[in-house]
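Contents: one structure, followed by commentary.
The values are calculated or read from the model by the stated rules, or taken from the named source; none is laboratory data. Note that this is a predicted model, so its numbers are computed, not measured. Backbone-built Cβ (ideal geometry, glycine too); neighbour counts: all protein chains shown.
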Amino acid sequence: MQNRSGEKTPSIKVNMLMNVLLTLSSIIFPLITLPYVTRVLNPAGIGKVYFATSVITFFSMLAELGIPVYGIRACARARDDEIDLSRTVHEIVAINLVTCLITYIAFFTMILTVPKFSEDRLMITIMSSLIFLNAIGVEWLYKALEKYTYITIRSLVFKVIAVIGMFLLVRSSQDHMIYGCLTVFAASASNVLNFVNLRKHILLRPVGGYRFARHLPAMMMFFALAAATTIYTSLDLAILDFLKDDAEAGLYGVSVKIKLVIVSLVTSASAVLLPRNSYYYDKGQKNQFMEILSKTIMIVAAVSVPAAVYFVIFARDCIDLLAGSGFAGAVLPMQVIMPTVILIGISNVIGIQMLIPEGRERDVVISSVAGAIVDLVLNFILIPHFASAGAAAATLAAEFVVTGYLVYAAGKDALQILRTIPAARIIAACIAASAGGILAARLADGTFIRLCISSICFAVIYLIMTRSIWRPDEILHRN
C-alpha cells in the first residue's frame, strides 16, 4: 500500500514493532525512576503530583473534545489527498485552539474558587501547560499517517532527558514541583517538535473550502467517550484525594501506575491498527478488517491474562521493589485492580479497533458512560470505608460493565473474534506457570532475586505450554 506521494506505507510489522518498543520504554523508564522518586518524595509528595495530573487529565479531556481519536480516523481517511488532508488538519486544529481557550478560562476560574485547587495552584498551573502543548502537537496526524518510527524515536529521546533530569534534580521531599515539571517535559516536549515538522506532511497555507461544522457531531461523540473514560480512569484518584488525603492518593496512584504500564504493553500491538482498520473499512475490505481483529484479540488475551495473574500473585514483591516498604498499603489495591488489564485489552480491540472504524462510536460512548456511572457511584460508596482498595474495586466493576456492553453491542462480530481465543489452553498454562513461579520464588532470597527467578520461571512455563498460540508473522507481515 502506498501513500499519496507514492511512498510505501509502513507495514503493520514495522508499526507494531515500533509501538512495542515505545511501550517497552514506558515500562523501563518507570522501573528506573519510580523506585527513586517514591523514596525521595514519599507518599504525600508524590500524591500531590498524581492529584495535579488527575486534575489536568480532566481539563485536557475538555480541551481535546474527542480529537485524539477522531483526528486519527478523519486523517486516515483523507491521507491520500494532500489538499483534503491539509484542510482536515487546519479545521481540527482551529477547533482545538478554541476549546483550549474556553478550557483555560474554566481552569483558572476553578483555581480561584476551589480551596483544594488553590492549595496546589502552582503545581496544577505548571501541569496545565499540557493542555496547550497537546493541542499544537497534533499527535493524531502522525498516527493517522502511521509515522510510528518517528513517534518512537522522538519519544525515547525526551524520556531519556527527563530520566536524567529526575536523578539530577529531584533530591528531597520538597522537590515534587521539579518532578511535576519533568513529567510535563517527558509527556509533551515532543509536541513542540511535532508542530515544527508539520510542514513536512501538510500544506500550512490556507487551502479554502473549510467546513468546521462537519467535524462537530463525531467530535462530540468522541468527547462523550473521553469524558466517560476519564471519570472511571482518572477521576477516582481525585475523589480519593478529596475524601481521604495525599498519602492515600499516593498509594493508589502507585498501583494504578503499575497497572497502566502493563496495560500499555498489552494494548501496544493493537494500538497501531486504528488508522489501518479505518482505511480497510472505508474501502470495503471487510475480510482483512476481521482477520486482523481476530488475530489481534488472540494475542492480546494471550498476553493480558498471564500478566494479570503474575502481578496479582507477586504484587507485594513488586510494590516493595518499585516503591519501598512505605507503600505497602498499595498491595491490595494493585491486586484488586490488576484484572482490569484483561478487560481493557478486550474492550480496546472490540471498541476502539472494531466499532470506531465502523462508525459505531455511539455504542462505545454508551459503554463508557455506563462504566463511568458505576465507577462514580461506587467510588463514593467504597472509598470512605475501604480507601484506595475501594477505588480499585470501583474501577474493576466499571471495566466489567464497559467490556460486557461492548461485546453485547458488537454482537456476532465480537463472538467471531472472541472464538479465536484459546481460553482453556491459556488458563491451564497460567495455572502451571503460577505454580512454577511460586515454587521458584520460595527458593530465592531477596525481593529482586525472587522477582527475577519467579518471572523467568513463570514466562518459560507459560510460553512452552502456549507455543502454538504465537504465530505473529501471519499478522505482522500483512501490509
Note on the range 42-84: residues surrounded by fewer than 21 Cβ atoms within 10 Å (Cβ to Cβ) and either in contact with a Cys (Cβ under 7 Å, 6 or more places away or on another chain) or of a type in the set (Gly, Ala, Ser) (or both) are Ala44, Ala78
Considering residues that are closer than 27 Å to Lys48 by Cβ, of a type in the set (Gly, Ala, Ser) and surrounded by 14 or more Cβ atoms within 10 Å (Cβ to Cβ), the number found within the range 85-128 is 1
> If we scan the range 88-97, do we find a residue that is touching a residue at least 40 places away in the same chain (Cβ under 8 Å) and out of contact with any helix residue (DSSP H, G or I) (no Cβ under 9 Å at 6 or more places or on another chain)?
Replying inline: yes
Of the conditions (1) over 17 Å from His201 (Cβ atoms); (2) of a type outside the set (Asp, Glu); (3) without any contact (Cβ under 8 Å) to a residue 12 or more places away in the chain, the single one that Ala44 does not satisfy is (3)
When restricted to Glu64, Glu82, the only residue within 18 Å of the chain's Cα centre (by Cα), at pLDDT below 90 and under 22 Å from Ile202 (Cα atoms) is Glu64
Can Ser173 be described as modelled with pLDDT of 80 or more, touching a helix residue (DSSP H, G or I) at 6+ places or on another chain (Cβ under 7 Å) and either surrounded by fewer than 23 Cβ atoms within 10 Å (Cβ to Cβ) or outside any helix (DSSP H, G or I) (or both)? no
Here the qualifying pairs (Cβ atoms under 6 Å; residues six or more apart or on different chains; first in the range 435-446 and in contact (Cβ under 8 Å) with a residue 40 or more places away in the chain; second hydroxyl-bearing (Ser, Thr, Tyr)) come out as Gly437/Ser454; Ala441/Ser454
One residue is enough: does the range 351-371 have a residue meeting the conditions touching a residue at least 60 places away in the same chain (Cβ under 8 Å) and under 30 Å from Ile32 (Cβ atoms)?
yes
Within the range 25-82, residues being at negative phi and not in a helix (DSSP H, G or I) number 3
- Message: Would you confirm whether or not the range 85-103 contains a residue that is over 21 Å from the mean Cα position of the chain (by Cα), modelled with pLDDT of 80 or more, not hydrophobic (A, V, I, L, M, F, W, C) and not in a helix (DSSP H, G or I)?
- Response: no
Taking the range 403-434 and keeping residues among the aromatic types (Phe, Trp, Tyr) and either surrounded by fewer than 15 Cβ atoms within 10 Å (Cβ to Cβ) or free of Cβ contacts under 8 Å to residues at least 40 places away in the same chain (or both) leaves Tyr408
Among (1) modelled with pLDDT of 85 or more; (2) polar (S, T, N, Q); (3) over 20 Å from the mean Cα position of the chain (by Cα), Ser325 falls short only on (1)
Within the range 328-370, restricting to residues that are of a type in the set (Gly, Ala, Ser) and either under 17 Å from the mean Cα position of the chain (by Cα) or farther than 19 Å from Gly411 by Cα (or both), the one that is surrounded by the most Cβ atoms within 10 Å (Cβ to Cβ) is Ala330
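Table: residues versus (1) touching a Lys or Arg at 6+ places or on another chain (Cβ under 7 Å); (2) farther than 20 Å from Lys259 by Cα; (3) hydroxyl-bearing (Ser, Thr, Tyr).
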| residue | (1), (2), (3) |
| --- | --- |
| His385 | no, yes, no |
| Ala389 | no, no, no |
| Val401 | no, no, no |
| Tyr408 | no, yes, yes |
| Ala414 | no, yes, no |
| Gly436 | no, yes, no |
| Ser468 | no, yes, yes |
By residue number, the members of the range 185-197 that are at pLDDT 85 or above and either surrounded by fewer than 19 Cβ atoms within 10 Å (Cβ to Cβ) or under 16 Å from Phe29 (Cα atoms) (or both) are Phe185, Val192, Leu193, Phe195, Val196, Asn197
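Among the residues of the range 104-129, write down those that are polar (S, T, N, Q) and touching a residue at least 12 places away in the same chain (Cβ under 8 Å).
Selection gives Thr125, Ser128, Ser129.
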Over the range 293-332, the set of residues outside any helix (DSSP H, G or I) and among the aliphatic types (A, V, I, L, M) is Ala323
Filter the range 198-209 for residues that are without any contact (Cβ under 8 Å) to a residue 24 or more places away in the chain and in a helix (DSSP H, G or I); the one that is farthest from Ile92 (Cα to Cα) is Lys200
Those residues of the range 100-144 which are touching a Cys at 6+ places or on another chain (Cβ under 7 Å) and either within 20 Å of Ala227 (Cα to Cα) or of a type outside the set (Val, Ile, Thr) (or both) amount to Ile131, Phe132, Ala135, Trp140, Leu141, Ala144
Residue pairs within 9 Å by beta carbon, gap of at least six or interchain, first lying in the range 182-195 and among the aromatic types (Phe, Trp, Tyr), second not in a helix (DSSP H, G or I), listed first then second, are Phe195/Val138
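Are any of the residues in the range 287-307 at pLDDT below 70, crowded, with 23+ Cβ neighbours inside 10 Å and within 14 Å of Gly345 (Cβ to Cβ)?
no
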